[in-house]
Structures are given as C-alpha cells and as structure tokens.
1. Can you name the number of the only condition in (1) buried (at least 20 other Cβ atoms within 10 Å of the Cβ); (2) in contact (Cβ under 8 Å) with a residue 60 or more places away in the chain; (3) under 30 Å from residue 313 (Cβ atoms) that residue 244 fails?
2. From the list 314, 346, 333, pick out the single residue that is within 23 Å of the chain's Cα centre (by Cα), surrounded by fewer than 19 Cβ atoms within 10 Å (Cβ to Cβ) and outside the structural domain of residue 89 (by TED's automatic domain parsing).
3. Can residue 140 be described as touching a strand residue (DSSP E or B) at 6+ places or on another chain (Cβ under 9 Å) and either not in a strand (DSSP E or B) or not assigned by TED's automatic domain parsing to the domain that holds residue 39 (or both)?
4. Given the conditions (1) assigned to a loop (DSSP other than H, G, I, E, B); (2) modelled with pLDDT of 95 or more, which single one is not true for residue 1?
5. Might you let me know whether the stretch 47-61 holds any residue that is in contact (Cβ under 8 Å) with a residue 60 or more places away in the chain, out of contact with any helix residue (DSSP H, G or I) (no Cβ under 6 Å at 6 or more places or on another chain) and over 26 Å from residue 116 (Cα atoms)?
6. Tell me the residue from 285, 277, 237 that is in contact with a strand residue (DSSP E or B) (Cβ under 8 Å, 6 or more places away or on another chain) and not assigned by TED's automatic domain parsing to the domain that holds residue 327, please.
7. Within the bounds of the stretch 230-240, is there any residue that is within 30 Å of residue 29 (Cα to Cα) and touching a helix residue (DSSP H, G or I) at 6+ places or on another chain (Cβ under 7 Å)?
8. Starting from residues that are under 16 Å from the mean Cα position of the chain (by Cα) and surrounded by fewer than 22 Cβ atoms within 10 Å (Cβ to Cβ), keep the ones in the stretch 78-100 and report whichever is nearest to residue 280 (Cα to Cα).
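The values are calculated or read from the model by the stated rules, or taken from the named source; none is laboratory data. Quantities reported herein were computed from a predicted structural model and do not represent experimental measurements. Every residue, glycine among them, receives a Cβ derived from its backbone with ideal geometry; neighbour counts consider all protein chains shown.
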C-alpha cells in the first residue's frame, strides 16, 4: 500500500516515520493509501526550507508572483475532473458537490492573481511642510494552514494563494483523513515550478501541528475545524506570538416565515441540511418554522427529504453520500438516539438506510426530528451530519432570540418575501454570514468567510481583503528631504 510523501523544498520526500494511518474511501471502505505521521525533525526541516526561501520570494515582484497563480489556475482547470473525483473518493461527496468545491478552489487562486492591486498601500503628501507619509504592505515570513476533512481541496486555498502572492512562504498540514486532493494539488504546483521552499506539504496529526505552533520561525497559522480544537489552536498560537485565524464550529438556524415561497424554500433547505451529508460548517441544523407555515413546511420538507438518493458519489444520480468515517457515523447515530431519548419526534429515520452495492459504507440517510425544543441536545450541539431539527416558533422575535441564545455564530438564514423581515433579521442576528432566501451562505472568494462568537477566534477571516491584511504587515514611512 502506497505511503504518501511529503513535499519539502521543491521535492517529494518519503517520511522516516514508522507510524501511518489508513486513508479510507467512506463509501466503499477501501483503503486508498497510507498517510505518515511525520516526525518533529521532518517538520523542522520543512519550516527551515520555507524560512530560507522567504527573502528571495519576498523580493520577487508582485506581478511575477501573480503569474504563478495564473499558471496554477490553468492547470487546475485542465485537471478539474481529476481533482473532483479524488474529493469524492477520499471525502465521500457527490460528484457535483466535489465539482462545486473544485470550482470554488480555483476561484481563490484566480482572485489571488490580482495581488498587484490587492496589495497596494497608500500615501499622502505634505502631512506637514515638506513631509510625506506612506503606508506599504510587506510580507512577514512563514505561515501554515491546518485544514478540516470536509473540504480537503478548497479550504487550504482560502489562505495559501493569498499568503504566497503577498510574498510569504507556506506550509500545509492536510487533514490526515483526506490528504489525497492536497497531494494532487501540490503535484500541480510542482509543475508550476514555484521556487524551492515557497510551498510545502507535511503530513501528520497533532504532533505535527504542535511543532508548527511552537516554532519561533512560523509567523502565523490558519485553522478551520471544530470549536474545541479552534480554541486550542488560538490559545497555543497566541502564546507563541503568532498571528492566528481560527474558523470554528457551527449550529446554523434557518428561519421560514409564513410569506415564504414554500416550493423554492424546500428545494433550498434540502441542499442546506443534507448537502455533503450535513458535513459543512454552513449546513442547516435547526429549522425554525414561524406561525402558520409550520405544518405545510414540515410535510413538504419531510416528503422531499425522503426522496433523496443516497449512495456512492461517483454515480451521477446520487444526491447524498456517506459521512467521513465509521467513528463519525457512530457519533451522528448517537445524536439521533439522544434526540429520541429527549422526546423529539423522529419523522424520518436515517438509520434505516441501505445502500446495497456498498453495505459497509458509512451511510446515514436524511434524518428529520419534529417537536424539538431549544433546550434539547440536538438543538444545541454541532452534530455535523444529515440531521434536521424542526422547532415551531410564534414570530420572528422568538426565532431571533433562539438563534442568539446559541453560542455559535457562523451562519443563519431567513426565507421571506418581506423586505422588512429580511432587514430586521440581518440587522439583529449575531452571525458572521447571513442568508436571505439562501440556504448555504458561502461567501465568494473576494469576500471574507466570516464567523462570530464561538464560530471564530481571531480578528481577520479567510479570503478577500481580510486575507491580504492577515498575510501582510502595514509599515508607515514618514519622510523629509533637505
């Protein structure tokens, strides 16, 4: 069985570690490869390679750095379907979901190619007699990224293209569950022929992360994942004097008003709750049905959910794939049991799903609970699976109170034909990403991927101008010439 290599200083290198983990296709349970748990010395070698490459790369003109991004974009377009299929095999997505991820990943590279404009500073003449003042952006050095399993290709590209285009050097530590799409991406970046040490990939788990966080030569870290781990990353990185952006967990509420277009709303809800098997930080979790819309919404939603085709994502007809692992499947099943124990009414039971061609796959069907109260565990915890909870509320004020009582603040949406309700919602709800008749509030690459409260730790988010600010230092120059 193949053991994946690291990419250090422009070379593919076999890890000296004797510890490996299996990379498993969650639909077929086939072992695809093995990933090494790299040693601390290998991590240090990677850091030093990135550090040594920094000065020459920093001095490379931004326009030249941008041209690497154009080349990478072209290669990703050329290998679009290959990248998408790898995502399906390692992460369990449907092929259309994987294609969507690949497209969003390419868009990040495309936006970062505009770095000569994005990195511009500013200045003012004659702040006093004969004195001028300027502000310029400068790169800082080595940065690293610790991504989650659910978007293995796209999420590292929320950060890497911007960091590198700004003149920094970069290290990615892929999720040990899904390292194959990052390997393919780095194979393409190897073809782009970045200077040695500018981009690096080191495989492993927590030990690798801790070495990166403790190194004085790493200037900043980006993380996407669960809230407990985000808090750990945020604290440990800050203790070691690093910049840090830690995008964390979520419990996303979707509000449906009585004046919503129900047919269009239900179609949107299906994608929000059950797309990517509910394993998205933007996935819908709790459906807040306001007033008289409750019964017709519930009936339409349950009926439509029951018709989703669950299976292996390489089949174009499949609409929902498996969850990522056996361990995660058992976790989600435990939450379903908890919902039943706490008295919620199980209208659609995903535990009954059978995918005959893949009997050992980690499949859970769409699951819908009714008669859920805001105090129940399933209404509060991040389940990260295809489980929807319906809560009946009296009015918009009650819905907003329930949203704000939850500690997470990643995303919330409202479905309505009322501009007044929509404005009230976006004005008052304390979440970083707000949807109006949109169930999946995924910001484009030129906007920041926001988050609030327990869904984000730091000051600057990924993507857009936030990324440029994160990966540069503003230097002020005040000059007078005699």
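1. (3)
2. Details: 346 fails: within 23 Å of the chain's Cα centre (by Cα); 333 fails: within 23 Å of the chain's Cα centre (by Cα).
Being within 23 Å of the chain's Cα centre (by Cα), surrounded by fewer than 19 Cβ atoms within 10 Å (Cβ to Cβ) and outside the structural domain of residue 89 (by TED's automatic domain parsing) holds for just one of 314, 346, 333, which is 314.
3. Numbers: touching a strand residue (DSSP E or B) at 6+ places or on another chain (Cβ under 9 Å): yes; either not in a strand (DSSP E or B) or not assigned by TED's automatic domain parsing to the domain that holds residue 39 (or both): yes.
When the stated conditions are applied, residue 140 passes them.
4. Every condition holds for residue 1 apart from (2).
5. Checked against the condition, which is being in contact (Cβ under 8 Å) with a residue 60 or more places away in the chain, out of contact with any helix residue (DSSP H, G or I) (no Cβ under 6 Å at 6 or more places or on another chain) and over 26 Å from residue 116 (Cα atoms), the stretch 47-61 yields at least one hit.
6. On the way: 285 fails: not assigned by TED's automatic domain parsing to the domain that holds residue 327; 277 fails: not assigned by TED's automatic domain parsing to the domain that holds residue 327.
Of the residues listed, the single one that is in contact with a strand residue (DSSP E or B) (Cβ under 8 Å, 6 or more places away or on another chain) and not assigned by TED's automatic domain parsing to the domain that holds residue 327 is 237.
7. So the first thing to find is which residues in the stretch 230-240 are within 30 Å of residue 29 (Cα to Cα), and the list is 230.
Retained after the next criterion (residues that are touching a helix residue (DSSP H, G or I) at 6+ places or on another chain (Cβ under 7 Å)): none.
Within the stretch 230-240, not a single residue is within 30 Å of residue 29 (Cα to Cα) and touching a helix residue (DSSP H, G or I) at 6+ places or on another chain (Cβ under 7 Å).
8. 100
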